[in-house]
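These notes are about the structure you will find just below.
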Amino acid sequence: MLRTFDTSMLRKKTDLCGLWHLTAGVFSGPAYVPGCVECVPGLENYRGVSVYERKITCGGNMLFSFSGVSRFARVFLDGKELGTHEGPYTGFSVLARALSEGEHLLRVEADNRFGEESALSVPNDYMTYGGITRACEAEKVGNAYLSGLTLVPDGTEGNWSLRVRVRANSVLNPFEGTIRCEIGGRVFQLGGVKVPGGAFADIDESFIVPGAEAWSPEDPQMTSVRCVLSVDGADADDLIERTGFRTVRVRGREIFMNGRPLRIKGFNRHEDHALYGCALPPAAMAADIQIIRSLGGNAVRTSHYPNDPYFLDLCDEEGILVWEESHARGLHREQMLRPAFLSQSVRCAEEMILRDISHPSIFIWGLLNECAADCAECVPVYERLVTLIRGLDPSRPVTSATCRPAACVNGKKSVPAPGFSDGDATLHLYDVISFNCYPGWYLDIPSDEYLKNVRAWAEKNGGKDKPFIVSEIGAGAIYGYRSPAGPKWSEERQADILREQLTAVRNDREIAGVFIWQLADCRVSDEWFASRPRTMNNKGVTDEYRRMKLSCGTVKEIFMSEG
Ligand code: ADA
């Protein structure tokens, strides 16, 4: 199932999760979907095309939806290509029209190779896995069907309104219909649509929802909204989406949810697990949220890409605040100026927001983590993406995690290379300033001094009077390596550094929050330039099996002691 709830009462659905036939390299045999090809014995380091096939009995118009195929997907039915999709972290649907009733062969090719055409997926400090890595399903639709239902709440306690957008599509024949919304027993008429054959019409309506219950991290009340398309007096199709009534506003140095300031105690999290790669099953996703809660955390950052919608649903239900991030990590000037970079970044941000805008847990959008914000030619790319995100969703703040001013902060003024400013030239674009830093790990400098310097730098460089989040802080440790002397990579050293870093963050009441790097150790792509012990990023407070390191006790003590 793609989501934690039913997304339609009318559609006949076929869950496509289960055993498919996989052909990849030397392997040919059954493999579970969703899954990573690297989890199949013998394919641990596979880079190439993975071919998945399975039969499906169906007929009529079939919509095949994939939450994630990594990283480039081609979908075929009975040998005919239905569509392609670039990017592992956003979903897509393809439509097969007027199929004869009976058995059909569905084939998905998933290509996880890096190349010119993969501008966002490059060798990096995380692993780009391959395969059908998230859930998928098939749905039967008629000539008239709905897509893209999104919900954006606004207002205040007792006076909530909802903006509903939805698309009415025609497979072949033109039609006229009406759309209504059902919310907790109330019906709201959205109006009529006239859809030409093979085309679509969009509805965008806002209305007051009397008696709506507010969503908050402490009391995450979800509201379910069913949109129904009627043609010729009969219900032709429906879609269900959920949201929570809350607002996010930035005022001065604080971020407010429903008028209350947020104090973020979060973790960065990669979708990665020793047993499942990036294809975490629902129970493992839920377990990650339990770990965050048990350590006193209230937030997660989806570093560095849009997450599985199932995980976001769990965060909504559990009241975990989410920083969701468009895909990109540490791309340098040449990578950002590659021809495919801008179009793929735009596409990824659009797909992320259109898919996830309804989630109340998402309180901020992030983009371009540690990319070339100090490069004159790259600044327009930042401007373009920030404008795009704001245009698609003015209801949330926008930020980007930077690490640029290291030279200025250390007092070692560097001579900027031609075309480079000395620092980050994009801070003026954001509602919230976010900074990644590792004092005590990469830098031999006390955390309080470092943070004071970074904050002063941000104030002078476009971040004046804005909220400030420490978007990454942490240190490495190899699980099980204990030594009272506390050498580098020992659990003791990591715990000590985190204590010093988190204490400095806690003592500065003007910092809106922190995301520890990171929840769990993750695999690093072997092709990435930097060497890391075990080819893993070992800064997790748990290892890749979620076994807790000593630092968990430290984090828990500090997070739990805060109001
Ligand atoms: C950066 C980056 C992370 C990770 C981290 C580290 O801040 O954003 O993805 O690579 O450094 O472990 O050094």
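Enter the per residue convex hull volume of the stretch 102-164, computed from alpha-carbon coordinates, in Å³ rounded to the nearest integer.
On the way: hull volume 15.4 nm³, N = 63.
Output value, Cα hull per residue: 244 Å³.
Count charges around Ala477 for me, please; just the other residues with Cβ under 11 Å from its Cβ, Lys/Arg as +1, Asp/Glu as -1. The partial results should precede the final answer.
On the way: positive: Arg482, Lys488, Arg493, Lys539, Lys549; negative: Glu491, Glu492, Asp496, Asp521, Asp543.
With Lys, Arg at +1 and Asp, Glu at -1, the net is 0.
Charges at C-beta only: +1 for Lys and Arg, -1 for Asp and Glu. How large is the resulting dipole of the stretch 262-561 about its Cα centre, in Debye rounded to 20? Can you show the working numbers first?
Numbers: 35 positive and 40 negative charges, 124 e Å.
Here the size comes out at about 600 debye.
Of Cys181, Ser230, Val195, which is farthest along the charge dipole of the stretch 144-243 in the positive direction, counting Lys and Arg as +1 and Asp and Glu as -1 at C-beta?
Value: Val195.
Give me the percent of Cα-Cα pairs in the stretch 234-325 that sit more than 19 Å apart, rounded to a whole number.
Summing the P(r) tail past 19 Å for the stretch 234-325 gives 48 percent.
Where the only charges are on Cβ atoms (+1 Lys, Arg; -1 Asp, Glu), what is the dipole of the chain about its Cα centre, to the nearest 20 debye?
Values: 63 positive and 74 negative charges, 136 e Å.
It works out to roughly 660 debye.
Take every DSSP beta bridge with both residues inside the stretch 262-561 and express the antiparallel ones as a percent of the total, to the nearest 5.
Taking every DSSP beta bridge within the stretch 262-561, about 15 percent pair in antiparallel fashion.
On average, how much area does the Cα convex hull of the stretch 12-140 cover when viewed from any direction, in nm²? Walk me through the intermediate numbers first.
Values: hull surface 29.9 nm².
Hull-based average projected area comes out at 7.5 nm².
In this model, which of Lys265/Lys452; Lys55/Lys140; Lys488/Lys549; Lys466/Lys549; Lys452/Lys488 are farther than 23 Å apart at the alpha-carbon? Each step should come with its number before you reach the end.
On the way: Lys265/Lys452 19 Å; Lys55/Lys140 16 Å; Lys488/Lys549 14 Å; Lys466/Lys549 35 Å; Lys452/Lys488 26 Å.
The answer is Lys466/Lys549; Lys452/Lys488.
When Lys and Arg each count +1 and Asp and Glu each count -1, what net charge do the other residues less than 14 Å away from Pro174, Cβ to Cβ, add up to? Write down the numbers at each step before the final one.
Details: positive: Lys194; negative: Glu176, Asp232.
Charge balance in the 14 Å sphere: -1.
Taking the Cα atoms of the stretch 144-243 alone, what are Rg (to one decimal) and Dmax (as a whole number) in Å?
Radius of gyration, then largest Cα-Cα span, for the stretch 144-243: 14.5, 48 Å.
If I fit a long axis through the Cα atoms of helix 551-561 and take the longest principal axis of the Cα atoms of the chain, what angle between them do I get, 0 to 90°, rounded to 10?
So the inclination is approximately 80 degrees.
Would you work out which of Pro484, Ile469, Ala299 lies farthest towards the positive end of the dipole of the stretch 262-561, given +1 charges on the beta-carbon of Lys and Arg and -1 on that of Asp and Glu, about the Cα centre?
After comparing all options, I get Pro484.
Please report, to one decimal in angstroms, the Kirkwood hydrodynamic radius of the chain built from all distinct Cα-Cα pairs. Show your work: numbers first, answer last.
Working: mean 1/r = 0.0407 Å⁻¹.
Roughly 24.6 Å, rounded to one decimal.
Rounded to the nearest 20 debye, what is the charge dipole size of the stretch 12-140 about its Cα centre when +1 sits on each Lys and Arg Cβ and -1 on each Asp and Glu Cβ? Before the final figure, lay out the partial values.
Values: 13 positive and 16 negative charges, 65 e Å.
With Lys and Arg at +1 and Asp and Glu at -1, about 320 debye.
As a test of the formula, what do you get for the chain when each DSSP H run with n ≥ 4 contributes -39,500 (n - 2.57) and the sum is divided by the residue count, at 222 nm and rounded to the nearest 500 deg cm²/dmol? Don't jump to the answer; show the numbers that get you there.
Working: 9 runs with 105 residues, N = 563.
Mean residue ellipticity at 222 nm (helix-derived): -5500 deg cm²/dmol.
Need the C-alpha centroid separation for the stretch 421-483 versus the stretch 79-123, integer Å.
39
With the full set of protein chains in place, find how many percent of the accessible area of the chain is carbon and sulfur; take the probe as 1.4 Å.
53
Roughly how many Å is it from the Cα centre of the stretch 531-563 to that of the stretch 256-330, as a whole number?
15
What number comes out for accessible area per residue over the chain if the probe is 1.4 Å? Units Å², please. Write down the numbers at each step before the final one.
Values: 21270 Å² over 563 residues.
About 38 Å² of surface per residue is accessible.
D for the stretch 193-292, whole µm²/s, Stokes-Einstein with Kirkwood Rh over alpha-carbon pairs at 37 °C and 0.692 mPa s: what number?
Details: Rh = 18.3 Å.
Translational diffusion coefficient: 179 µm²/s.
Using Cα atoms only, what is the angle between the long axis of helix 282-294 and the major principal axis of the chain, expressed in degrees (0 to 90) to the nearest 10?
Approximately 40 degrees, to the nearest ten.
I want the local charge near Tyr310. Using Cβ-Cβ distances under 10 Å, sum +1 for each Lys or Arg and -1 for each Asp or Glu among the other residues.
On the way: positive: Arg3, Arg134; negative: Asp308, Asp313.
Neighbourhood net charge equals 0.
If one computes P(r) from the Cα atoms of the stretch 429-563, what percent of pairs lie at distances over 27 Å? Kindly include the intermediate steps, with their values, before the conclusion.
On the way: 2107 of 9045 pairs.
The share of Cα pairs beyond 27 Å in the stretch 429-563 comes to 23 percent.
Using θ = phi - 60° and the Karplus form 6.51 cos²θ - 1.76 cosθ + 1.60, what ³J(HN,Hα) does each residue of the stretch 49-55 get, whole Hz, x for Gly and Pro?
8, 9, 9, 10, 9, 7, 8
Report, in degrees rounded to the nearest 10, the 0 to 90 angle that the Cα long axis of helix 339-356 makes with the longest principal axis of the chain.
So the helix axis and the longest Cα principal axis differ by about 70 degrees.
For the stretch 128-176, just list the percent of Cα-Cα distances falling in each 10 Å bin from zero outward, please.
Values per bin, smallest distances first: 18, 27, 27, 23, 5.
Rounded to a whole number, what is D in µm²/s for the stretch 262-561 from Stokes-Einstein with the Kirkwood radius over alpha-carbon pairs (37 °C, 0.692 mPa s)? Write down the numbers at each step before the final one.
Numbers: Rh = 19.5 Å.
Translational D for this selection: 169 µm²/s.
Can you tell me what share of the DSSP beta bridges in the chain is antiparallel? A percent to the nearest 5 is fine. Write out the running numbers ahead of the final one.
Numbers: 107 of 138 bridges.
Of the beta bridges lying entirely in the chain, close to 80 percent run antiparallel.
The values are calculated or read from the model by the stated rules, or taken from the named source; none is laboratory data. Because the structure is predicted, anything quoted here is derived from the model rather than measured. Note that each Cβ is placed from the backbone with ideal geometry, even for glycine, and that neighbours are counted across all protein chains shown. Ligands, DNA and RNA are stripped out before the accessible areas are found, and what is left, the full protein with its side chains, is counted by its heavy atoms. Shrake-Rupley method; radii C 1.70, N 1.55, O 1.52, S 1.80 Å.
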